[in-house]
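Peer 1: Have a look at the structure that comes next, please.
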Amino acid sequence: MVQLHVYFKGIVQGVGFRYTVHRYAVALDLKGWVRNLPDGRVEMKAEGRREDLETLLHQIEAHFQGSIRDKEFYWDEYLENFKDFRITF
């Protein structure tokens, strides 16, 4: 179990990005959150099996192909801080 922290850049606000990420994350039984940032990026923290988190990243990239210009991501230790996956504001 690990934690994934991602910043997505591009056309990622106002296109249903957070809701799509939420749907995929819940289907994979991941825990964490996704939110818009004031600078136009979207930030996500998620915990679960590394394979499931990698699947989530691939699903997001496939769904928003052409909208994501760049992403920064970091793997971290599993902290078990989250009870579910949420869209935060």
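Peer 1: Going through the range 42-53 one residue at a time, which ones are closer than 17 Å to ASP29 by Cβ and either surrounded by 12 or more Cβ atoms within 10 Å (Cβ to Cβ) or modelled with pLDDT under 95 (or both)?
Peer 2: MET44, LYS45, ALA46, GLU47, GLY48, ARG49, ARG50, ASP52, LEU53
Peer 1: Of (1) under 10 Å from the mean Cα position of the chain (by Cα); (2) among the charged types (D, E, K, R); (3) in a loop (DSSP other than H, G, I, E, B), ASP39 satisfies all except one. Which?
Peer 2: Just one mismatch for ASP39, condition (1).
Peer 1: Moving to a separate point now. Would you mention how many residues in the range 58-72 are assigned to a helix (DSSP H, G or I) and surrounded by 19 or more Cβ atoms within 10 Å (Cβ to Cβ)?
Peer 2: Adding up the residues that qualify gives 1.
Peer 1: Could you figure out which of (1) open to solvent by 50 Å² or more (accessible area, probe 1.4 Å); (2) in contact with a strand residue (DSSP E or B) (Cβ under 8 Å, 6 or more places away or on another chain) isn't true of GLY14?
Peer 2: With respect to (1) open to solvent by 50 Å² or more (accessible area, probe 1.4 Å); (2) in contact with a strand residue (DSSP E or B) (Cβ under 8 Å, 6 or more places away or on another chain), GLY14 is out only on (2).
Peer 1: If you go through the range 48-57 one residue at a time, how many are assigned to a helix (DSSP H, G or I) and touching a strand residue (DSSP E or B) at 6+ places or on another chain (Cβ under 8 Å)?
Peer 2: Number satisfying all stated conditions: 4.
Peer 1: Under the condition of being in contact (Cβ under 8 Å) with a residue 24 or more places away in the chain and in a helix (DSSP H, G or I), which residue from the range 22-33 is surrounded by the most Cβ atoms within 10 Å (Cβ to Cβ)?
Peer 2: The residue in question is ALA25.
Peer 1: Separate question: I'm checking my understanding of the structure. Among residues of the range 1-11 that are closer than 25 Å to ASN81 by Cα and not hydrophobic (A, V, I, L, M, F, W, C), which one is least open to solvent (accessible area, probe 1.4 Å)?
Peer 2: Among them, the one singled out is GLN3.
Peer 1: Would you confirm whether any residue within the range 5-21 is in contact with a helix residue (DSSP H, G or I) (Cβ under 8 Å, 6 or more places away or on another chain), more than 14 Å from PHE89 (Cα to Cα) and assigned to a strand (DSSP E or B)?
Peer 2: yes
Peer 1: Something else now. Does GLU80 meet the test of being in contact (Cβ under 8 Å) with a residue 12 or more places away in the chain, open to solvent by 80 Å² or more (accessible area, probe 1.4 Å) and acidic (Asp, Glu)?
Peer 2: yes
The values are calculated or read from the model by the stated rules, or taken from the named source; none is laboratory data. This one's a predicted model, so the numbers in the text were calculated from it and none came from an experiment. When we count neighbours, we look across all protein chains shown, and the Cβ atoms used for this are built from the backbone with ideal geometry, even at glycine. When the accessible area is computed, the model is the full protein with side chains, heavy atoms only, and any ligands, DNA or RNA have been set aside. Shrake-Rupley method; radii C 1.70, N 1.55, O 1.52, S 1.80 Å.
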